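Heads up, the thing below is written out as C-alpha cells.
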Amino acid sequence: MSQRTVTLLGSTGSIGTQAIDVVAAHPDRFRVEAISAGGGDVGLLAEQAARLGVAAVGVADAARADALRAALAAAGAGDVEVLAGPDAATELAGRGSDVVLNGITGSVGLRPTLAALAAGSTLALANKESLVVGGALVKAAVRRPDQIVPVDSEHSAIAQSLRGGARSEMRRLVLTASGGPFRGRTRDEIKAVTPEQALAHPTWAMGPVVTVNSASMMNKGLELIEAHLLFDVPVDDITVVVHPQSVVHSMVEFVDGSTIAQASPPDMRLPIALGLSWPDRLDPVVTPCDWSRGTQWTFEPLDEQTFPAVRLARAAAAASATHPAVYNAANEQGVAAFLAGRIGFTDIVETVERVLGEHDGVAVDAVTLDDVDAAEAWARARADELLARR
C-alpha cells in the first residue's frame with residue numbers, strides 16, 4: 001500500500017491520540033496533513049502539529065486561536081496554517097486527504113463527515129453521532145463502496161466478519177456490549193449513582209460523554225442505529241448481547257446457522273488502524289489474545305427494564321429521519337446536566353424518552369440538513385426545559 005495522506009479530526013481526544021500512535025508506528029504508510037480539536041488543550045494540539053509536521057491546524061473555539069498560535073510558535077511550528085471557529089474541522093475535512101478520521105464527539109461531527117464524503121476521501125468514522133443524526137443525508141453523500149470505514153470497535157468487527165459471507169447470506173447482526181459499570185443492577189439501584197461512578201468504566205478508557213453513554217447503554221442505542229444505517233440491516237435484525245470481557249467485539253449470524261465473530265483485546269488502536277488502512281491490515285498493531293492461557297467468555301441478554309435506551313433507539317430509527325437526531329440531542333443535554341451534578345443518572349434516558357414522544361418527525365425521502373438542524377435545536381431546548389424541572 002502506498003503512503004496515504006490523513007486528516008485527523010478530534011486529535012487531542014481518546015481516538016485522536018491513539019490514531020497518532022498508530023500513524024507514528026507506521027510512518028511509511030501515513031502522512032498527516034491536518035489536525036483539529038475543540039481547543040481545550042491547545043498545548044497538546046501544538047505539540048501534535050509539530051510532531052506530525054502538519055500543514056494546517058483547526059480549533060473549534062475561536063477564542064483559543066491566539067493561544068494556539070503562541071503554542072505553535074513555542075513548539076517550533078509557527079508557520080502552520082491556523083483555522084479557527086466552528087467550521088474549521090469542516091473546511092479541513094473537505095480538503096481531499098486520502099483518509100479523514102472523524103474522531104469528534106457529538107453531532108457537531110455531521111458537517112465534517114459530509115465534507116469528507118463530498119471531497120471523495122475515505123471516511124474513517126469514529127463519530128457515530130454524525131451518521132445517527134444525519135443518516136439519510138450521509139448515505140446520500142457516499143460516492144463509492146467502502147467510502148465509510150467504521151472505527152467503532154463493534155462496527156469494525158461487523159465489517160471484518162462480513163468478509164466471511166455474502167450480504168445476501170446474512171441473517172442478523174449481534175452487537176456486543178460490555179454492560180458498563182452498572183451491569184447487574186436494578187433501575188432503582190442506579191438512580192442515585194454519581195458521575196464519578198458512571199465514569200469508572202470496567203474495560204475501556206474513553207472520553208466522559210462516551211463513558212456515561214456506555215453506563216446508560218445510550219451508546220449501544222446509538223451503535224444500533226449506526227449499524228442499521230451502515231450495513232442496511234433492519235433494526236429488528238440487530239441483537240444486543242452483554243459480553244463483559246469485551247473480547248468479542250460483535251458478530252454476524254448467517255442463514256445456515258454459522259456465526260462469525262471478531263475477537264481481539266479491548267484496544268481501540270486495532271479498529272483505528274483498520275479505519276486508516278482498509279481493506280489492508282497493518283503489522284503490528286496490538287498484541288493478540290493469548291490462546292495458551294485459560295479464559296472464559298460470557299454472554300447474557302440485555303436487561304431492557306433497567307436500560308431502556310436500546311429499545312428507544314429501535315423506536316427512533318423506525319419513526320422518522322429526524323427522530324434519531326432528537327434521540328442523540330436530548331441525550332447530549334442530559335449527559336451534560338448529569339456531569340454537572342444537576343440531575344440524576346436515570347433522568348437522562350427518561351428525558352430522552354419524553355422528548356422523543358413529543359417529536360413529529362420528517363420522512364426519510366424529504367429530509368434536509370435544515371430539518372436536522374431544526375430537530376436538534378428543538379430537542380435540545382425541550383430537553384433543557386424538562387431537565388430544569390428535575
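Some points to look at:
- Restricting 119, 157, 141 to those that are of a type in the set (Gly, Ala, Ser), within 24 Å of residue 10 (Cα to Cα), surrounded by fewer than 23 Cβ atoms within 10 Å (Cβ to Cβ) and touching a strand residue (DSSP E or B) at 6+ places or on another chain (Cβ under 9 Å) reduces the list to 119.
- Test: residue in segment 180-195 that is crowded, with 20+ Cβ neighbours inside 10 Å and among the hydroxyl-bearing types (Ser, Thr, Tyr): no
- Scanning segment 70-85 for residues that are out of contact with any Lys or Arg (no Cβ under 9 Å at 6 or more places or on another chain) and surrounded by fewer than 19 Cβ atoms within 10 Å (Cβ to Cβ) yields a total of 7.
- Residue within segment 314-330 that is closer than 24 Å to residue 217 by Cα, exposed (fewer than 14 other Cβ atoms within 10 Å of the Cβ) and under 22 Å from the mean Cα position of the chain (by Cα) present: yes
- Checking segment 340-349 against the condition returns a match, with at least one residue being hydrophobic (A, V, I, L, M, F, W, C), in contact with a helix residue (DSSP H, G or I) (Cβ under 8 Å, 6 or more places away or on another chain), in contact (Cβ under 8 Å) with a residue 12 or more places away in the chain and surrounded by 24 or more Cβ atoms within 10 Å (Cβ to Cβ).
- Boolean, residue 184 is under 13 Å from residue 307 (Cα atoms) and assigned to a loop (DSSP other than H, G, I, E, B): yes
- Residues that are part of a strand (DSSP E or B) and polar (S, T, N, Q) do occur in segment 160-178, at least one of them.
- Residue, surrounded by the most Cβ atoms within 10 Å (Cβ to Cβ), within segment 279-313, restricted to residues that are of a type in the set (A, V, I, L, M, F, W, C) and touching an Asp or Glu at 6+ places or on another chain (Cβ under 7 Å): 310
- Looking across segment 360-390, not a single residue is closer than 21 Å to residue 315 by Cβ and among the polar types (S, T, N, Q).
- Yes/no for residue 99 being touching a Leu at 6+ places or on another chain (Cβ under 6 Å), more than 24 Å from residue 333 (Cβ to Cβ) and surrounded by fewer than 24 Cβ atoms within 10 Å (Cβ to Cβ): yes
- Here segment 21-47 is the region considered, the condition is being part of a helix (DSSP H, G or I) and free of Cβ contacts under 8 Å to residues at least 40 places away in the same chain, and the residue that is surrounded by the fewest Cβ atoms within 10 Å (Cβ to Cβ) is 24.
- In segment 207-221, the residues that are touching a Leu at 6+ places or on another chain (Cβ under 9 Å) and on the phi < 0 side of the Ramachandran plot: 208, 209, 211, 212, 213, 215, 218, 220, 221
- Scanning segment 105-162 for residues that are closer than 21 Å to residue 315 by Cβ and among the charged types (D, E, K, R) returns 128, 129, 139, 154.
Residues are listed down the side, and each one gets a yes or a no for (1) of a type in the set (A, V, I, L, M); (2) part of a loop (DSSP other than H, G, I, E, B); (3) without any contact (Cβ under 8 Å) to a residue 24 or more places away in the chain; (4) closer than 22 Å to residue 177 by Cβ:
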{"position": "313", "(1), (2), (3), (4)": "yes, no, no, yes"}
{"position": "329", "(1), (2), (3), (4)": "yes, no, no, no"}
{"position": "335", "(1), (2), (3), (4)": "yes, no, no, yes"}
{"position": "352", "(1), (2), (3), (4)": "yes, no, no, yes"}
{"position": "371", "(1), (2), (3), (4)": "no, no, no, no"}
{"position": "382", "(1), (2), (3), (4)": "no, no, no, no"}
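- For beta carbons closer than 7 Å, sequence separation of 6+ or different chains, a first residue in segment 158-177 that is over 13 Å from residue 257 (Cβ atoms) and in contact (Cβ under 8 Å) with a residue 40 or more places away in the chain and a second that is part of a helix (DSSP H, G or I) and hydrophobic (A, V, I, L, M, F, W, C), the qualifying pairs are 158/227; 173/158; 173/227; 175/224; 175/227.
Coordinate-derived values only; no laboratory data. Remember, predicted model here, so these are calculated numbers, not experimental data. When we count neighbours, we look across all protein chains shown, and the Cβ atoms used for this are built from the backbone with ideal geometry, even at glycine.
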